[in-house]
Amino acid sequence: MPVTELNHYLMRANNLERTKDFYVKVLGFEVMRRPEFPFPGYWLGVDGKIQVHLAQAGVPNSALYYLGSPRNAARNNSGVIDHIAFLATDPGGFVERFRKLGIKVRPRSLPEAELFQLFLKDPDGLTIELNFFGVVKADPGWGGEDYSKMPRANGRARARRAGRKATPRRAARGARR
């Protein structure tokens, strides 16, 4: 009886329409049919699968509707969440889109895991991470930092062992240590 996948996360938005427009126009989500909950909001997804549930912050009876975050979490940055990550494709397309829209991004790569990432803020200050696996060498035009060249937080040697290729799973395990 294991958990099988992440279904969605709910975020209380300060400005529901502005936040919905960001996820749709900037990240490419689709507005999906949503049940008639007693509070305003949207379900957003990709290929018919919900991933983001947006709800309006500051509505009457919010303590009754929103069970997972303190009262002022929507106004005080992102509450208890540091960031939300999505898998994505076409990193060059996203970099170009963000440049055209004037959206500030922070690119990063981890070559040994064939991982390129883009970090950006949504209109409510929540950090969004886009993960692009299979990127052996990031295009220099994308910019960014290389995790493998950053100082280690605890002085440990790099997790990669001789003769073993780093995989996304191994990289994720190493990041949790």
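The values are calculated or read from the model by the stated rules, or taken from the named source; none is laboratory data. Note that the structure is a prediction, hence the values are computed from the model and not measured. Using ideal geometry, Cβ is built from the backbone for each residue, glycine included, and neighbour counts are taken over all protein chains shown. Keep in mind that these areas ignore ligands, DNA and RNA; they rest on the heavy atoms of the full protein, side chains included. Shrake-Rupley method; radii C 1.70, N 1.55, O 1.52, S 1.80 Å.
The table for this structure:
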{"read-out": "By accessible area with a 1.4 Å probe, ligands and nucleic acids excluded, highest first: order of Arg108, Arg18", "value": "Arg18, Arg108"}
{"read-out": "Cα-Cα over 22 Å, subset of Lys20/Lys137; Lys25/Lys49; Lys121/Lys149", "value": "Lys20/Lys137; Lys121/Lys149"}
{"read-out": "Calculated FRET efficiency for the pair Ala153/Tyr9, C-beta based, R₀ 22 Å, to 0.05", "value": "0.25"}
{"read-out": "Extended-chain gain in nm, criterion 0.36 nm per residue less alpha-carbon gap, Glu145 and Met32", "value": "37.1 nm"}
{"read-out": "Accessible-area order (highest first, 1.4 angstrom probe) of the listed residues Val24, Val135", "value": "Val24, Val135"}
{"read-out": "Extension gain from His83 to Lys25, taking 0.36 nm per residue of separation minus the Cα-Cα distance", "value": "18.9 nm"}
